[in-house]
Amino acid sequence: MAGLIQRTTKKLECLAARNKAAYNVLALYYKRIVHKEIRLADINEKDRILCVGGGPCPFSGILLHEHTKAHVTIIDNDEYCVEVSRQLVRKLGYENYIEIRHGDGSDICPEDYTVIHMALQVSPLDKVFRYMKQKCKLGSKILVRIPKKYLAHTYNIHDLAVFNAYSKKANHPFRNIDSTALFIVY
Ligand SMILES: C[S@@+](CC[C@H](N)C(=O)[O-])C[C@H]1O[C@@H](n2cnc3c(N)ncnc32)[C@H](O)[C@@H]1O
């Protein structure tokens, strides 16, 4: 089941990266979520954002840039996703503002970023979150998307309790994402 959801998401995103109509339809799913996340973490153009897990069509990273003008670095540990998303970012004319890198969330250095954004499908979500919390600069904000309880078993999360001590959160009704939790690292 878990693998099926991840594979279906990737297939839909591959389609969206190459087809404008599919892009516009799927972007609707993310727009409200990202708007709430921008308000939750009070993101502005001076921030430097790291998105972990961009996929072939990194809607969240693109929307974060479009709505804040902040520089965004997106990483993915799948080389194919990196290639497809780089082509999309070039096509959109965002190559000076959005950088796509190949890498894993559990070994990239997050020190240069003021905001770290973690996709729901990041695997394992709790382990990568712990790593980010340890390695990022003091004062950094970490945004983590948390699944609905009944869907949690379909994602690679061993210990949901690590997400209990958030500063604030934004709820996302009618989505497979339950909420985005904000952590401010002190
Ligand atoms: C399908 S995307 C979903 C994100 C969505 N496109 C968005 O804009 O919010 C999730 C991606 O996370 C990547 N991923 C999963 N675990 C990761 C990790 N530990 N480090 C980096 N990327 C990871 C997967 O390869 C996948 O492409």
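Per this entry, residue 13 is counted among residues that are of a type in the set (Asp, Glu) and crowded, with 19+ Cβ neighbours inside 10 Å. Would you call residue 94 among the hydroxyl-bearing types (Ser, Thr, Tyr), at pLDDT 95 or above and either in contact with a Pro (Cβ under 9 Å, 6 or more places away or on another chain) or loosely packed, with under 14 Cβ neighbours inside 10 Å (or both)? Answer is no for this residue.
Going through the stretch 139-157 one residue at a time, which ones are buried (at least 20 other Cβ atoms within 10 Å of the Cβ) and of a type in the set (Ser, Thr, Tyr)?
Let us first name the residues in the stretch 139-157 that are buried (at least 20 other Cβ atoms within 10 Å of the Cβ), namely 140-147, 155, 157.
Those that are buried (at least 20 other Cβ atoms within 10 Å of the Cβ) and of a type in the set (Ser, Thr, Tyr): 140, 155.
Whether any residue in the stretch 50-69 is within 19 Å of residue 169 (Cα to Cα), in contact with a Ser or Thr (Cβ under 8 Å, 6 or more places away or on another chain) and surrounded by fewer than 20 Cβ atoms within 10 Å (Cβ to Cβ) is what I want to check. Scanning the stretch 50-69, I find no residue that is within 19 Å of residue 169 (Cα to Cα), in contact with a Ser or Thr (Cβ under 8 Å, 6 or more places away or on another chain) and surrounded by fewer than 20 Cβ atoms within 10 Å (Cβ to Cβ), so the answer is no.
Of all residue pairs spaced 6 or more apart or on separate chains, those with beta-carbon atoms under 9 Å, a first member in the stretch 140-153 that is in a loop (DSSP other than H, G, I, E, B) and a second member that is of a type in the set (Phe, Trp, Tyr) are 140/113; 140/183.
Of all residues in the stretch 160-177, one or more are surrounded by 13 or more Cβ atoms within 10 Å (Cβ to Cβ), at pLDDT 95 or above, hydroxyl-bearing (Ser, Thr, Tyr) and closer than 24 Å to residue 38 by Cβ. Screening residue 117 against (1) more than 12 Å from the chain's Cα centre (by Cα); (2) in a strand (DSSP E or B) leaves a single unmet condition, (1). Of all residues in the stretch 14-41, count the ones that are of a type in the set (Asp, Glu) and free of Cβ contacts under 8 Å to residues at least 60 places away in the same chain. Going through the stretch 14-41 one residue at a time, the tally reaches 0. With respect to the conditions (1) buried (at least 18 other Cβ atoms within 10 Å of the Cβ); (2) outside any helix (DSSP H, G or I), residue 111 falls short on a single one, namely (1). Only a single criterion out of (1) part of a helix (DSSP H, G or I); (2) within 17 Å of residue 30 (Cβ to Cβ) is not satisfied by residue 130, namely (2).
The values are calculated or read from the model by the stated rules, or taken from the named source; none is laboratory data. On a predicted model such as this, the values are computed, not experimentally measured, just so you know. With ideal geometry, Cβ positions are generated from the backbone for all residues, glycine too; neighbour counts draw on all protein chains shown.
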